[in-house]
C-alpha cells in the first residue's frame with residue numbers, strides 16, 4: 001500500500017490530465033470532446049447483438065404491414081429504436097425508392113462520422129498521454145541535473161520524471177486506447193445492422209412499387 005501511495009501524486013496527475021485535455025481540445029474541438037465523453041454511456045450499456053435482433057423483429061412487422069396495407073402504413077409499426085422509427089417514417093412518406101435511398105445513405109454516413117469523431121478524440125488522448133509523460137520526464141531530469149549539488153532535490157525531480165511516464169503509459173494503454181477500440185467495435189456492429197435494415201426496407205419498397213410500375217408501363221404501351 002505504501003508503494004501505491006507513493007505512485008499517486010495528485011498535482012502531477014492533474015497536470016497530466018489538464019495537458020492531455022488541452023491537446024485533445026485543440027485537435028478535435030469542444031463538440032467532438034463532448035461527444036467523446038458522451039460516448040462513455042453507450043460504451044457500458046450498448047448491446048449491438050440485442051439491437052440487431054430487435055431490429056430484425058421490427059423489420060418482420062414492417063414487412064407484414066407493407067404486404068397487408070401498403071408502404072404508406074409502415075410507419076405505424078411501433079419500435080423503441082429511433083433509427084428504425086425514422087426509417088419507417090421515411091419509407092412511408094417517400095414517393096420514390098430513390099428518395100428513401102438518399103436519406104438512408106446520408107443518415108448512415110452522418111452516423112459513421114459522429115462515431116468516428118468520438119473514436120478520434122480518444123485516440124488523440126492515447127497519442128498525447130505518452131508524449132506529455134515524456135515531457136514530464138525531461139523536466140524531471142533537468143531538475144535532477146540542476147540540483148546535483150543538493151541531494152535533497154534529487155528525489156522529487158526523479159519522482160516527477162518517473163511518475164509522468166507512468167501516468168502517460170497508464171492513461172494511453174489502459175484507458176484511452178481500449179475505449180477507442182471498444183467504440184470502434186460498437187460502431188462497426190451498429191452500422192452493420194442499420195445497413196441491414198436499410199437494405200431490407202429498400203427491398204420491401206421495390207417489391208411493393210413493382211406492380212405500380214408495371215401497370216404504368218402497360219398504360220403507356
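Looking at (1) more than 30 Å from residue 209 (Cα to Cα); (2) in contact with a helix residue (DSSP H, G or I) (Cβ under 7 Å, 6 or more places away or on another chain), which is the one condition that is false for residue 31?
Against the list (1) more than 30 Å from residue 209 (Cα to Cα); (2) in contact with a helix residue (DSSP H, G or I) (Cβ under 7 Å, 6 or more places away or on another chain), residue 31 comes up short only on (2).
Answer yes if at least one residue in the stretch 31-39 is at pLDDT below 90 and not in a helix (DSSP H, G or I), and no otherwise.
No, the conditions are met nowhere in the stretch 31-39.
Being surrounded by fewer than 15 Cβ atoms within 10 Å (Cβ to Cβ), touching a residue at least 60 places away in the same chain (Cβ under 8 Å) and over 18 Å from the mean Cα position of the chain (by Cα) is the filter here, so list the residues in the stretch 157-206 that pass it.
196, 206
Quick one: count up the residues across the stretch 63-107 that are surrounded by 14 or more Cβ atoms within 10 Å (Cβ to Cβ) and part of a loop (DSSP other than H, G, I, E, B).
4
I'd like to know if the stretch 149-156 contains one or more residues that are in contact with a helix residue (DSSP H, G or I) (Cβ under 9 Å, 6 or more places away or on another chain) and crowded, with 18+ Cβ neighbours inside 10 Å.
no
The values are calculated or read from the model by the stated rules, or taken from the named source; none is laboratory data. All of these numbers come straight from a predicted model, not from anything done at the bench. Backbone-built Cβ (ideal geometry, glycine too); neighbour counts: all protein chains shown.
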